[in-house]
Amino acid sequence: MVDRLTGKFLTLEGSEGAGKSSNLDIVVTTLRDCGVDVATTREPGGTETAESIRELLLAVRDEPLDDLAELLLMFAARAQHLTTKIRPMLRAGTWVVCDRFTDATYAYQGGGRGIDAASIALLEQLVHGDLQPDLTLYLDVPVEVAFQRIGDRDLDRIEREERAFFERVRANYLERAGREERIEIIDASASLEAVAAAVEQTIRRFVAAHP
Ligand code: TMP
């Protein structure tokens, strides 16, 4: 049976320190201003069970987390999130804005950890082969700037990775953005106002194209 998803699915991507949270607010405010019924969520997480998986993924423990276990947990959380939250909302006509989605898996587990893209594509096909974001905003910032912005706050397990890891993550995002038309790159090293203006403009253009 064809799943009729009438809402639009928007995702926001970017490294730590790219300003995802404040720009998520801009996305939502702009959509509401355009009269769109919108809900926000995040990955990994978004439901009670998926948030528990998130805790497993981000906890700092003595036992290192196996790369493949990390990948599978990301997709386990995603399957749960899609079934219990994202798909029902899209079916009801609500637009969903998700803080990170599968592009992050290609960037972090693919680019960062070195898992081959074909294995990720296999899981992607299994979990949401029929559903892709309609629009993705990638907030791009050089790793050095991101590190300065994060400062020395309490870092989670993934944020503790070394600089080369985040260089690979960024390179992967940029490479995918170059290939996928749905991914818009936003220069997040600009001033807060300039970034917010670029985000707002992109969202207004998308809404105008999808009345
Ligand atoms: P957040 O910092 O945006 O809340 O995301 C939590 C961390 O999870 C962040 O370091 C990126 C990472 N992540 C992955 O490694 N793979 C994924 O598929 C997703 C969604 C997030």
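Bear in mind these aren't lab numbers, they're just calculated from the coordinates by the rules spelled out. Computed from a predicted structure; not experimentally measured. All Cβ positions, glycine included, derive from the backbone under ideal geometry; neighbour counts span all protein chains shown.
From 130, 154, grab the single residue that is out of contact with any strand residue (DSSP E or B) (no Cβ under 9 Å at 6 or more places or on another chain), within 15 Å of the ligand (Cβ to nearest atom) and over 18 Å from residue 185 (Cβ atoms). If you could, list the steps in order and put the result at the bottom.
Working: 130 fails: within 15 Å of the ligand (Cβ to nearest atom).
Unique residue meeting the criteria: 154.
If you filter the range 30-54 down to residues that are closer than 20 Å to residue 197 by Cα and free of Cβ contacts under 8 Å to residues at least 24 places away in the same chain, you find that the one that is nearest to the ligand (Cβ to nearest atom) is 32.
Among the residues of this structure, residue 91 does not count as one that is surrounded by 18 or more Cβ atoms within 10 Å (Cβ to Cβ) and farther than 20 Å from residue 200 by Cβ. Taking the condition touching a helix residue (DSSP H, G or I) at 6+ places or on another chain (Cβ under 9 Å) and over 27 Å from residue 77 (Cα atoms), does residue 147 pass? In short, yes. Of the set (1) in contact with a strand residue (DSSP E or B) (Cβ under 8 Å, 6 or more places away or on another chain); (2) within 10 Å of the ligand (Cβ to nearest atom); (3) among the aliphatic types (A, V, I, L, M), all apply to residue 77 but (1).
Any idea how many residues of the range 132-146 are buried (at least 16 other Cβ atoms within 10 Å of the Cβ) and over 18 Å from residue 200 (Cβ atoms)? Steps first, please.
Step one: of the range 132-146, the residues buried (at least 16 other Cβ atoms within 10 Å of the Cβ) are 133-141, 143, 146.
Keeping just the survivors that are over 18 Å from residue 200 (Cβ atoms) gives 133, 141, 143, 146.
Going through the range 132-146 one residue at a time, the tally reaches 4.
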